[in-house]
Amino acid sequence: MESSELESLLERAERVFEREARDVEDHLDVSSAALLQLRKACRLLQAAERLHRDGYYTLGIEAAFVSMERTVEFRLLEQGIFESDTLPQNHTDVYETGADEGLYSEEFRTRLENLWKDYRSKTYYRDGLASADRAARVTELARELHRHVLGFSHQGYECVCE
C-alpha cells in the first residue's frame, strides 16, 4: 500500500492511544475497574436506545449486547472473580462465569450465548438484517439484565443510566 495520507492517519491514531486520555467521556473517569465497566454498560445502554430511535438498528443491537457483557463484567470485577488485566477475551467466558457465580441460571446463560452467537453475529457479520423490533427487544433485554445484575451489587448507586 502506497498511500502516505493513510499511513499518516494510522500513525496519528497509534500515537493518540499511546498518550494519556484527555477530554474523557462523561462518567468514565473512575479509578475502579469494576465501576468503569458499570459506567460503560450504562453509556452503551443509552447509546443502544438512541441508535434505535435514530434508526441505526445494527449498531443498536451491537451496543445492547456489549452492554450486557460489560454489566456482567462489572459484577465479576466487583466480586474479585476477575481482575482488570484478566478479563476474558471472549463473550462466552463472561456469560459462563456469570452463571457460575449465580447471576442467572445455566439455562439462561445457554440461551443468552445462543442469542449472541446465532443472531448478534448473524446480524453484524453475515446476512442477518437488523430491524426496529429486533433492536428494541435486545435493548429491553440488556436494560433488564443490567437492573437484575445491579440487584446483586453494593455499588448499584454508581449506575449512571437515565
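The values are calculated or read from the model by the stated rules, or taken from the named source; none is laboratory data. The shown structure was predicted, so the numbers you read here are calculated from the model rather than taken from an experiment. Cβ: placed from backbone, ideal geometry, glycine included. Neighbour counts: every protein chain shown.
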For residues in the stretch 85-95 being surrounded by 15 or more Cβ atoms within 10 Å (Cβ to Cβ) and out of contact with any Pro (no Cβ under 9 Å at 6 or more places or on another chain), which is modelled with the highest pLDDT?
95
Going through the stretch 62-80 in order, the residues found to be out of contact with any Lys or Arg (no Cβ under 6 Å at 6 or more places or on another chain) and closer than 19 Å to residue 119 by Cβ are 62, 63, 64, 66, 67, 68, 69, 71, 72
Sort out which residues of the stretch 83-96 are free of Cβ contacts under 8 Å to residues at least 24 places away in the same chain, among the polar types (S, T, N, Q) and closer than 22 Å to residue 39 by Cβ, and write them in order of number.
86, 89
From the list 142, 99, which residue is in a helix (DSSP H, G or I), without any contact (Cβ under 8 Å) to a residue 12 or more places away in the chain and surrounded by 14 or more Cβ atoms within 10 Å (Cβ to Cβ)?
99
Are any residues in the stretch 1-43 in a loop (DSSP other than H, G, I, E, B) and exposed (fewer than 10 other Cβ atoms within 10 Å of the Cβ), and if so, which ones?
1, 2, 3, 19, 20, 22, 23, 26, 31
Restricting attention to the stretch 49-63, the residues that are more than 14 Å from the chain's Cα centre (by Cα) and either in a helix (DSSP H, G or I) or of a type outside the set (Phe, Trp, Tyr) (or both) number exactly 8
Is it the case that residue 130 is within 24 Å of residue 161 (Cα to Cα) and surrounded by 14 or more Cβ atoms within 10 Å (Cβ to Cβ)?
no
If you go through the stretch 65-84 one residue at a time, do you hit one that is buried (at least 18 other Cβ atoms within 10 Å of the Cβ) and part of a loop (DSSP other than H, G, I, E, B)?
yes
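Mind telling me which of the residues 80, 60 ends up being closer than 22 Å to residue 145 by Cα and either without any contact (Cβ under 8 Å) to a residue 40 or more places away in the chain or among the aromatic types (Phe, Trp, Tyr) (or both)?
Details: 60 fails: either without any contact (Cβ under 8 Å) to a residue 40 or more places away in the chain or among the aromatic types (Phe, Trp, Tyr) (or both).
Just a single option satisfies the conditions, and that option is 80.
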